[in-house]
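One structure is given here, and the rest of the page talks about it.
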Amino acid sequence: MKELSGIPCGEVQFTKDGAIHDNAEVDDLVRLLASSGATDLFVIAHGWNNDMDDARRMYQAFFQRVRELLDDRRVAGASERTYAVLALLWPSKRFAEESLIAGGAAGLDEPDSDDALGQQLDRLEELLDDPQASATLDQARQLIPRLDDSPDSRRRFAELVRGLLSPAARDEEDASTTFFELPPDDLMERLGETILPDDLVPVAGDGGGAADMDLTGVPAEPAAAGFADFLRGGPRAAARNLLNFISYYQMKDRAGRVGQGGASEVLRRVRAAQPGLRLHLIGHSFGARLVTALVAGRAGQPAIKVDTLSLLQAAFSHNSFALDWDGSSDGLFRRMVTGGMVSGPVVITCTQNDRAVGVAYPLASRIARQTASWLGDKNDPYGGMGRNGAQHTPEAIDGFLLPAGQDYDLRPGKLHNLNADDFIANHSDICKNEVAFAVLSAVVRA
């Protein structure tokens, strides 16, 4: 039996299509829950990582903080329960500007050089993992040297790489509907426009500095790199932005497939075997979208009711739970709120220090040609949950991530936007006592 800091843990892996990789892992999990006598099950999903070992290290670091809080009895009522963990492992890849990833752009003087764009295509090829896609990307590579001077090459580049995606996961919340509808010339023009510095989302701590490691062993993003590259325009910037958005879209689509597919099946089997087990879902980055898709389920599908939901630096739209966010549409996951699918509190950490989410959604604003006083902030139609929390959501309550030990007023059925500027330094910086304390505070109020 695996353990995370003394807490029994079962792992279940999923394929890129969202299916359970090995049903024997689910059988092992059901046996573990029966033998452990667990009253509460944490279900945790990682975000973008290079491999499963990165995810396992993050899980170990996070539950080390949980274990310390339980041992010290820092959360009243939490230590009297018996816990187990379901660790979800799904094939995700890093999404962000390369210079926002420690060592990601090492040795590249220009982010829009032939080599840099070629490396982006290499990573997209790895992400798609499909021979037909590889052949298409080989054609796109041949066009890179001609992007500056040839409108036909730019048009063909956009046609080739966009054509690799299924439009099934498109929606208005991240401008992906517009992304698929725009003619290739218009798409490249919009993605290649120069952004003035006053239009860019502000980032606390900008001012230089090298990448380092946080206390979890998870690489931290550099302090300020990447935003100068985001400002610049031109055909090569358009190609870079296009590939970044495509990577984002593919990860969004995959997280939804895993959540509504294999992960949902696993929890249904767990519920059938242990109907009284309390379920606490935790997702980081795209993993937050995965667990949200799991809870919301497919339209018309019976819901899996859970006790708490913690979304840590979530990489999906801040309008996902919204009521009539654009004058005509509710958020994609609004039914999770109205259907009472989470009986206890929902905890959402958000911070302007999250540069990865802060870059992803201004790309959507470029595509839609929206103008906001600050690209990507809560006033922008296209902003990220990990940057701004849940917006246009009547059930959302704004607050702050507190020092471990301070009391929260967390309410069942409410979504609590916890501003984490004082504690979370970057997108990956979630393995903190303050974050674990907030999660456990929700658990005891379910």
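The values are calculated or read from the model by the stated rules, or taken from the named source; none is laboratory data. In this text the structure is predicted, and so the values were computed from the model without any measurement. Cβ coordinates were reconstructed from backbone atoms using ideal geometry, including for glycine residues, and neighbour counts include every protein chain displayed. For accessibility, only protein heavy atoms count, side chains too; no ligands or nucleic acids. Shrake-Rupley method; radii C 1.70, N 1.55, O 1.52, S 1.80 Å.
Tell me, which strands (runs of 3 or more DSSP E) lie completely within the range 273-383 with 3 or more residues that are under 29 Å from ASN241 (Cα atoms) and under 20 Å from the mean Cα position of the chain (by Cα)? Walk me through it before giving the result.
Working: elements: 278-284, 308-312, 346-350.
Filter on the range 273-383 gives 346-350.
Can you spot a residue in the range 276-284 that is in contact with a Phe, Trp or Tyr (Cβ under 9 Å, 6 or more places away or on another chain), more than 25 Å from GLY389 (Cα to Cα) and either surrounded by fewer than 24 Cβ atoms within 10 Å (Cβ to Cβ) or of a type in the set (A, V, I, L, M, F, W, C) (or both)?
Restricting attention to the range 276-284, the residues satisfying the condition of being in contact with a Phe, Trp or Tyr (Cβ under 9 Å, 6 or more places away or on another chain) are 279-282, 284.
After this cut, where a residue has to be more than 25 Å from GLY389 (Cα to Cα) as well, the list is none.
Taking every residue of the range 276-284 in turn, none turns out to be in contact with a Phe, Trp or Tyr (Cβ under 9 Å, 6 or more places away or on another chain), more than 25 Å from GLY389 (Cα to Cα) and either surrounded by fewer than 24 Cβ atoms within 10 Å (Cβ to Cβ) or of a type in the set (A, V, I, L, M, F, W, C) (or both).
Is it the case that ASP421 is over 23 Å from ALA76 (Cβ atoms) and either among the charged types (D, E, K, R) or in a helix (DSSP H, G or I) (or both)?
Working: over 23 Å from ALA76 (Cβ atoms): yes; either among the charged types (D, E, K, R) or in a helix (DSSP H, G or I) (or both): yes.
Yes, satisfied.
Going through ARG366, ARG334, ARG411 one at a time, which residue ends up being in contact with a Lys or Arg (Cβ under 8 Å, 6 or more places away or on another chain), more than 26 Å from ARG190 (Cβ to Cβ) and among the basic types (Lys, Arg)?
Numbers: ARG366 fails: more than 26 Å from ARG190 (Cβ to Cβ); ARG334 fails: in contact with a Lys or Arg (Cβ under 8 Å, 6 or more places away or on another chain).
Among ARG366, ARG334, ARG411, only ARG411 is in contact with a Lys or Arg (Cβ under 8 Å, 6 or more places away or on another chain), more than 26 Å from ARG190 (Cβ to Cβ) and among the basic types (Lys, Arg).
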Problem set entry | Within the range 384-402, tally of residues that are farther than 21 Å from HIS284 by Cβ and either open to solvent by less than 30 Å² (accessible area, probe 1.4 Å) or part of a loop (DSSP other than H, G, I, E, B) (or both) | 3
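Just for the range 1-22: of the residues that are among the polar types (S, T, N, Q) and under 29 Å from ARG81 (Cα atoms), which one is surrounded by the most Cβ atoms within 10 Å (Cβ to Cβ)? Outline the logic, then answer.
First, the residues of the range 1-22 that are among the polar types (S, T, N, Q): 5, 13, 15.
Filter again for under 29 Å from ARG81 (Cα atoms), leaving 5, 13.
Values: SER5: 18, GLN13: 15.
So the residue we want is SER5.
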For this session: Scan the range 23-48 residue by residue and report those that are in a loop (DSSP other than H, G, I, E, B), over 30 Å from GLU126 (Cβ atoms) and open to solvent by less than 20 Å² (accessible area, probe 1.4 Å).
Result: ALA38
Problem set entry | Cross-chain or 6+ apart pairs with Cβ under 6 Å, the range 324-350 first and over 18 Å from ILE397 (Cβ atoms) and touching a residue at least 12 places away in the same chain (Cβ under 8 Å), then among the polar types (S, T, N, Q) and open to solvent by less than 30 Å² (accessible area, probe 1.4 Å) | LEU332/SER320
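Quick check on my filter: what residues within the range 129-154 are of a type in the set (A, V, I, L, M, F, W, C) and touching a residue at least 40 places away in the same chain (Cβ under 8 Å)? First the steps, then the outcome.
Here is the first cut: in the range 129-154, the ones of a type in the set (A, V, I, L, M, F, W, C) are 133, 135, 137, 140, 143-144, 147.
Passing the criteria: ILE144, LEU147.
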